[in-house]
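Report on the structure given below.
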Amino acid sequence: MVRDVTGLYREFGDERLPPGQQRTEAFPVLSKGNVPRVTRGEWTLSVSGAVDDAVTLDWGDFTSLGVETQRQDFHCVTGWSRFDCEFTGVPVTTLADHVGIDSDAVQALFHAADDYTTNLPLDDCLRPETLLAFEFDGDPLPREHGGPVRAVTPHKYAYKGAKWVTGVEFLTEPERGFWERRGYSVSANPWREERYNS
Ligand SMILES: Nc1nc2c(c(=O)[nH]1)N[C@H]1C(S)=C(S)[C@@H](COP(=O)(O)O)O[C@H]1N2
Ligand SMILES: [Mo]
């Protein structure tokens, strides 16, 4: 079963296509540098910080948490949007229930194998559409798009979705990720064109 969440824009604006964006049928690749090579067998996910039980999950642990498939839109801060991407993965909120988030947590910081990081306010992170995705359109997530596992955030610009994710760290004090330290918005709402910090 595919859950269609492409209507989430109605919470934020009148148009499905956020202002200043152009639709593309392609799926461009944007990576800051090297493309890590990690197999599903080698991959682990560490969940740490302001949680009851810090854990490191392997592939089997992770995929047995509860998997779902969603149809989502993908909005890149550089101006392109791709509609109707089918991602299969584990919702971050499922992961959060598994480890128990401390009541004083305010953000999540995602860590990736290419030393990329991105921070997301906790409420944005715990929306049901924030997935740790491992399949795209029914196939294993391609390596250039973040395989074996990436985060996807259809309610945010796509730099909030860390490719090659290795860890989710819950924070009690805000901390900036790779692009957020370089001037990109922490909140990154596409319908308000929150591209840069004002
Ligand atoms: N680990 C990692 N994740 C990343 C990036 C990156 O360089 N490294 N780039 C981000 C940016 S700026 C965008 S727009 C999307 C692009 O995803 P795509 O290459 O699958 O289109 O991934 C985001 N996640
Ligand atoms: Mo981006």
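The values are calculated or read from the model by the stated rules, or taken from the named source; none is laboratory data. Just so it is clear, the structure is predicted and the values come from calculations on it, not from any experiment. Glycine also receives a Cβ, built like all others from the backbone with ideal geometry; neighbour counts cover every protein chain displayed. Calculation scope for accessible area: heavy atoms of the full protein, side chains included, ligands and nucleic acids excluded. Shrake-Rupley method; radii C 1.70, N 1.55, O 1.52, S 1.80 Å.
For the chain, a Gaussian network of Cα nodes joined below 10 Å ranks LEU120, LEU131, LEU65 by mean-square fluctuation, and the top entry is LEU65. With K and R counted +1 and D and E -1, the other residues having a Cβ less than 12 Å from that of PRO36 yield a net charge of +1. Carbon and sulfur together cover what percent of the accessible area of region 18-77 at a 1.4 Å probe radius? Carbon plus sulfur share of accessible area: 45 percent.
How large is the helix-only mean residue ellipticity at 222 nm for the chain, computed as the sum of -39500 (n - 2.57) over DSSP H runs with n ≥ 4, divided by its residue count, in deg cm²/dmol to the nearest 500?
-2000 deg cm²/dmol
Relative contact order of region 1-106, please, whole-number percent, based on alpha carbon pairs below 8 angstrom and at least 6 residues apart. Answer for region 1-106 is 33 percent.
Excluding ligands, DNA and RNA, the accessible surface per residue across region 12-141 is 45 Å² with a 1.4 Å probe. Going by accessible surface with a 1.4 Å probe and the largest first, GLU129, GLU193, GLU86 read GLU193, GLU86, GLU129.
Packing, taken as the mean count of other beta carbons within 10 Å per residue, orders the peptides 152-161, 138-147, 106-115, 15-24 from highest to lowest as 152-161, 106-115, 138-147, 15-24. Taking all Cα pairs closer than 8 Å and separated by 6 or more residues, the relative contact order of the chain comes to 25 percent. With both residues required to sit in the chain, DSSP beta bridges show an antiparallel share near 75%.
Taking a temperature of 20 °C and a viscosity of 1.002 mPa s, what whole-number D in µm²/s does Stokes-Einstein yield for region 1-141 with Rh from Kirkwood over alpha carbon pairs? Once the numbers are plugged in, D ends up at 129 µm²/s.
Taking all Cα pairs closer than 8 Å and separated by 6 or more residues, the relative contact order of region 76-164 comes to 32 percent. The residues of region 152-198 expose on average 42 square angstrom of accessible surface per residue, using a 1.4 Å probe on protein heavy atoms.
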